[in-house]
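The values are calculated or read from the model by the stated rules, or taken from the named source; none is laboratory data. Quick caveat, the model's predicted, so the values are computed rather than measured. Note: ideal-geometry Cβ built from the backbone for every residue, glycine included; neighbour counts use all protein chains shown. Heads up: the accessible areas ignore ligands, DNA and RNA and are worked out on the full protein's heavy atoms, side chains in. Shrake-Rupley method; radii C 1.70, N 1.55, O 1.52, S 1.80 Å.
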Amino acid sequence: MKPAFNFIPLALFALACSPVDPMVGHTEIAKFQGNKKGAISVTYDDGIVNQLTIAKPIMDSLGLPATFYIITGKVEGSGTGKFIGRDPQEIIAETAQIKTDPSNFFERASLIAYTGTSEAEDYHARAGSLFEQGKIAEAHALIDEGYAKIRQGTMKDTDDVVFHNNVEDTTTWEQYKSYFAQGHEIASHTVTHPRLAALDEVNMLYELEQSKADLLKFIGPESIFSAEGPYGTENERVMEYAHKIYPALRNRMPEPWLEEINRGSKMNPGESSKEYVQWQRGPVSRIDINQMKAWVDTVMTHDNNWLVLVFHGVENLGWEPKTRPELVEYFSYMKANEQDLWIATFRDVTKYLRERKATQVSAEVEKDLITLTLSSDLDPSVYAVPLTLKTYISADWKSVQFLQNEENTVLEIENDEKGSFVMYEARPGRGAISLKKGP
């Protein structure tokens, strides 16, 4: 069953003397591009090299796009990780006299990752995790423990792989730009993959803004539309800052018409009554291929689901890796069901849904011509993903010519219980749409 459409009130002007079928000119905007049952966005976190050398070629061979949230500080030529603030030695000395509390936690948690070892970075990450869980006293105590080790000189290098210092990740900006040109989304996962909720304002802004600046410089404006704060953070303070910098966040994207089910939620998509459901799932190592396929099947049994897959490691490199054979089987399964699935980047699905909700359609109907106008308050230079429209035509039309700007196409006529119609894609902000009766 095809999904329901967005029913748009139309201004229909009958310019002929004879009565006009009230359905003629009536236009609906499909819930998903191509009038598909649902959407899937395949996303990857951390810019791990195997994502690009193993997973990406598999998707390329099937013609499937992906979104790569990269840690920009790892890419040569970018702004790198740093602490912004007072003299670190002054802060370290203070920790011997003053316990960590709400007045100094953010500054200390921001600095500790830059005191020299991977163990110190681990203290930052663990303290940030405790803070986000609401375990404030435990987070403060952990920071005090870490600084005591720093003062005593007993902090050690654990030889752990840290995301922003992984020597195996050698992808260049030139390569990322070529991947973008191939249809993939390259987007921000901050400069160093910190616990943003544990950073003070100036360091949090640096992580968000410097990453954005480098993506804009090396890739272009399409790379600064969406972002993902590390560790899937939904911290309110972080979201307030990040939403001012990026138009869309995979972490959280509050819209009255969108139900967001995060990776940790046990809610089922069918339990929501909202117009759209963004359902995030993490295909980690312990999740088998049958469960992963079941997620795809769920999308095809509803008319409002957007499955957002979050991959990390690939083939023994990175967190919770999936193997090459699993990826081949999984992406091939998606491709085999592409007649029902719109597989697109996180950026493009977000833009489509917002465009659909914001667009109004008006129509003028003449004997042999229907003229449609799309109007929206969204910026057409940003929101330009083609919308799938369905327009009803007169029963005596045997062929239909579509024109918009320089596009000129003959459309296939279809029929349903309401009458004859044509389906086509049109870009907002590209001028009026003409549907002409053919010979």
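Condition (residue is open to solvent by 10 Å² or more (accessible area, probe 1.4 Å), on the phi < 0 side of the Ramachandran plot, modelled with pLDDT of 95 or more and not in a loop (DSSP other than H, G, I, E, B)) applied to segment 229-236: is it met by at least one residue?
Yes, the conditions are met somewhere in segment 229-236.
Quickly run through segment 362-398 and pick out the residues that are over 29 Å from P221 (Cα atoms) and open to solvent by less than 30 Å² (accessible area, probe 1.4 Å).
The initial filter retains those residues of segment 362-398 that are over 29 Å from P221 (Cα atoms), namely 362-372, 390-398.
A363, V365, I370, L372, K390, T391, Y392, I393, W397, listed by residue number.
Of E315, E320, which residue is in contact with a helix residue (DSSP H, G or I) (Cβ under 7 Å, 6 or more places away or on another chain) and surrounded by fewer than 22 Cβ atoms within 10 Å (Cβ to Cβ)? Before you say what the answer is, go through the steps one by one.
Values: E320 fails: in contact with a helix residue (DSSP H, G or I) (Cβ under 7 Å, 6 or more places away or on another chain).
Going through E315, E320 in turn, the sole match is E315.
Name the pairs whose Cβ atoms lie under 6 Å apart, with the first residue in segment 379-397 and within 22 Å of D368 (Cα to Cα), the second open to solvent by 40 Å² or more (accessible area, probe 1.4 Å) and of a type in the set (K, R), and 6 or more positions between them or separate chains?
W397/K437
Considering segment 360-386 alone, what residues qualify as being more than 20 Å from V24 (Cβ to Cβ) and either touching a helix residue (DSSP H, G or I) at 6+ places or on another chain (Cβ under 8 Å) or part of a loop (DSSP other than H, G, I, E, B) (or both)?
Narrowing segment 360-386 to residues more than 20 Å from V24 (Cβ to Cβ): 375-386.
S376, D377, L378, D379, P380, S381, V382, Y383, A384, V385, P386 - these are the residues of segment 360-386 that are more than 20 Å from V24 (Cβ to Cβ) and either touching a helix residue (DSSP H, G or I) at 6+ places or on another chain (Cβ under 8 Å) or part of a loop (DSSP other than H, G, I, E, B) (or both).
Criterion first (more than 28 Å from S272 (Cα to Cα) and either at pLDDT below 95 or open to solvent by 60 Å² or more (accessible area, probe 1.4 Å) (or both)) does L208 satisfy it? Please lay out each step first, then the result.
Values: more than 28 Å from S272 (Cα to Cα): yes; either at pLDDT below 95 or open to solvent by 60 Å² or more (accessible area, probe 1.4 Å) (or both): no.
Judged against the criteria, L208 is not a match.
Considering every residue within segment 300-317, establish whether at least one is part of a helix (DSSP H, G or I) and at pLDDT 95 or above. Outline the logic, then answer.
First, the residues of segment 300-317 that are part of a helix (DSSP H, G or I): 300.
Then keep just the ones that are at pLDDT 95 or above; that gives 300.
Scanning segment 300-317 turns up at least one residue that is part of a helix (DSSP H, G or I) and at pLDDT 95 or above.
Kindly list the number of the only condition in (1) buried (at least 16 other Cβ atoms within 10 Å of the Cβ); (2) out of contact with any helix residue (DSSP H, G or I) (no Cβ under 9 Å at 6 or more places or on another chain); (3) in a helix (DSSP H, G or I) that fails for E260.
(3)
Among the residues of segment 324-357, how many are part of a helix (DSSP H, G or I), of a type in the set (F, W, Y) and open to solvent by 20 Å² or more (accessible area, probe 1.4 Å)?
From segment 324-357, those part of a helix (DSSP H, G or I) are 324-336, 346-357; that's our starting set.
Narrowing the set further to residues that are of a type in the set (F, W, Y) leaves 330-331, 333, 346, 352.
Checking the rest, the ones that are also open to solvent by 20 Å² or more (accessible area, probe 1.4 Å) come to 333.
Of the residues in that region, 1 qualify.
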